[in-house]
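Asks: Supplied in structure tokens, the structure appears directly below.
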């Protein structure tokens, strides 16, 4: 993972929220893969095909454990 900065040196990633925790795993079915901020952010999902973004998971029609939201 690399940090990305805008032209004026401002951060492009403004927030990161961990969803699944060791004591409380959060899973999503393929029909219920979440959209973050109506598509402006991404959800990182651990699937049987590896780590995918929410968009990639919808395209491959897979669900899995929701790791984090990034926006």
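Asks: If you go through region 2-17, how many residues are assigned to a loop (DSSP other than H, G, I, E, B) and either at negative phi or in contact with a strand residue (DSSP E or B) (Cβ under 6 Å, 6 or more places away or on another chain) (or both)?
Replies: Within region 2-17, residues that are assigned to a loop (DSSP other than H, G, I, E, B) and either at negative phi or in contact with a strand residue (DSSP E or B) (Cβ under 6 Å, 6 or more places away or on another chain) (or both) number 11.
Asks: Let me ask something else. Which condition number does residue 38 fail, the rest of (1) surrounded by 10 or more Cβ atoms within 10 Å (Cβ to Cβ); (2) without any contact (Cβ under 8 Å) to a residue 12 or more places away in the chain; (3) on the phi > 0 side of the Ramachandran plot being met?
Replies: Exception for residue 38: condition (1).
Asks: Also, quick follow-up: Can you confirm whether region 18-28 contains a residue that is surrounded by 15 or more Cβ atoms within 10 Å (Cβ to Cβ) and either in contact with a helix residue (DSSP H, G or I) (Cβ under 9 Å, 6 or more places away or on another chain) or not in a loop (DSSP other than H, G, I, E, B) (or both)?
Replies: Within region 18-28 (the criterion being surrounded by 15 or more Cβ atoms within 10 Å (Cβ to Cβ) and either in contact with a helix residue (DSSP H, G or I) (Cβ under 9 Å, 6 or more places away or on another chain) or not in a loop (DSSP other than H, G, I, E, B) (or both)), the answer is yes, since at least one residue qualifies.
Taken together, the values in this text are just the output of simple stated rules run on the coordinates, not laboratory data. What you see is a predicted model; the values in this text were computed from it and never measured. When we count neighbours, we look across all protein chains shown, and the Cβ atoms used for this are built from the backbone with ideal geometry, even at glycine.
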